[in-house]
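Please treat every number below as a calculation from the coordinates, not as lab data. Everything numeric in this text was worked out from a predicted model, so none of it was measured. Every residue, glycine among them, receives a Cβ derived from its backbone with ideal geometry; neighbour counts consider all protein chains shown.
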Amino acid sequence: MDVTAKGHPVRVVAPFEYEIPKIDGSRFIATLVPADSDLAVVERQVALRAAHPHSRHVCLAYVGRSELDVRFSDDGEPAKTAGYPMLRALLGASVRCSGALVTRYFGGVKLGTGGLVRAYTAAVREALLRAPLQPVVPTLDVVFRCRYSAEPMLRHQLAKFDLNDFHVEYHADLVEFRVRCPESVVEHVVTASGARTGGDIERIS
């Protein structure tokens, strides 16, 4: 994707809608949503079609955890005149884990390919300027291992950092916790837990 992001990655905090001024009679309504998968954006597309039964198109773009995890749809507009420029707008703003949808009501005047690209791009960019955004905290998929006696302490440390979504595996004499963890927190968990358990807690990946 030939788009250079210019800032720290951000994500949409909550659903947000913004309609730009009409262009030759056509309405362009941008909807931004937080999304952990492209399927969540597709589901919102279905909902918007139901909410706007007289609209002509509901185009979408999605960016996941990286600029390689993307999806877009022109939804009947000429190829790469809607979803693709919407995606470029998201990537150019360093947006992650979020989706953009633009609902179009046709105003009777054809805009041409260049006009469509500008309109869909503007709809997303203007919405991003106004939407609630927050920085994306870099995370890692980490495995912590400890003895059974240290399990309560490890659970305490994970809870201390609001890391409550994890998978636990019990082995013969060890316990493994698999958790997605902010990079800045990983060593704090190991250091704080280990200091209280004699080093019985370690990170293995």
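Return Cys97, Cys59 ranked ascending by Cβ neighbour count within 10 Å, so the fewest neighbours appear first. Please list the in-between numbers first.
Details: Cys97 20, Cys59 28.
Lowest count first: Cys97, Cys59.
Work out, step by step, the length gained on full extension between Ile204 and Ser184: first 0.36 nm times the residue separation, then minus their alpha carbon distance; give nm to one decimal.
Between Ile204 and Ser184, full extension yields an extra 5.5 nm.
Restricting to DSSP loop positions (anything but H, G, I, E, B) with no more than 14 other Cβ atoms inside 10 Å of their own Cβ, which trypsin sites (Lys or Arg not before Pro) remain in segment 1-83? Don't skip to the answer; put the middle values down first.
On the way: sites: Lys6, Arg11, Lys22, Arg27, Arg44, Arg49, Arg56, Arg65, Arg71, Lys80; in loops: Lys6, Arg56, Arg65, Lys80.
Here the sparse-neighbourhood loop sites are Lys6, Arg65.
Just from the alpha-carbon atoms, what are the Rg and Dmax of the chain in angstroms?
22.2, 74
Specify the angular offset, from 0 to 90 degrees and rounded to the nearest 10, of the alpha carbon long axis of helix 83-92 from the longest principal axis of the alpha carbons in the chain.
50
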